[in-house]
1. What are the trypsin sites (Lys or Arg not before Pro) within segment 17-72 that DSSP puts in a loop, where the Cβ has at most 10 other Cβ atoms within 10 Å?
2. Once phi is turned into θ = phi - 60°, what whole-Hz ³J(HN,Hα) does the Karplus curve with 6.51, -1.76 and 1.60 give for every residue of segment 12-18, x standing for Gly and Pro?
3. Using Cα extents along the principal axes in Å as the read-out, say which of [x] 38, 26, 24; [y] 43, 27, 19; [z] 52, 27, 15 was calculated from these coordinates.
Amino acid sequence: MSVRQKIVYPTLEAEIARRGIKKYEIAKFLGISPRTFSNKLSASIGFSLEQGLTIWKTFFSDIPIDELFRKE
């Protein structure tokens, strides 16, 4: 049985998919495991300010940061 994680950051999730970015690539760039990145996306654990800024500057700087990390 598969457990679906809640989508907490819908814009971030949508932009990752729209741009064809692999989640493991972002995790690798941040120096964390893909599982940890997935946990952060589901808000099991939060992104640090530094991680959020790095994701935004590196991959999505064309989107306002408050929109990118708006919670559902």
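1. R19, K22, K71
2. Running phi through 6.51 cos²θ - 1.76 cosθ + 1.60 with θ = phi - 60° gives 4, 4, 5, 5, 4, 5, 4 Hz.
3. Computed from these coordinates, Cα extents along the principal axes in Å corresponds to label [x].
Every number here is computed from the coordinates shown, using simple stated rules; none is lab data. It should be emphasised that the depicted structure is a prediction, and the values quoted were computed from it without experimental measurement. Every residue, glycine as well, gets a Cβ built from its backbone with ideal geometry; the counts of neighbours run over all protein chains shown.
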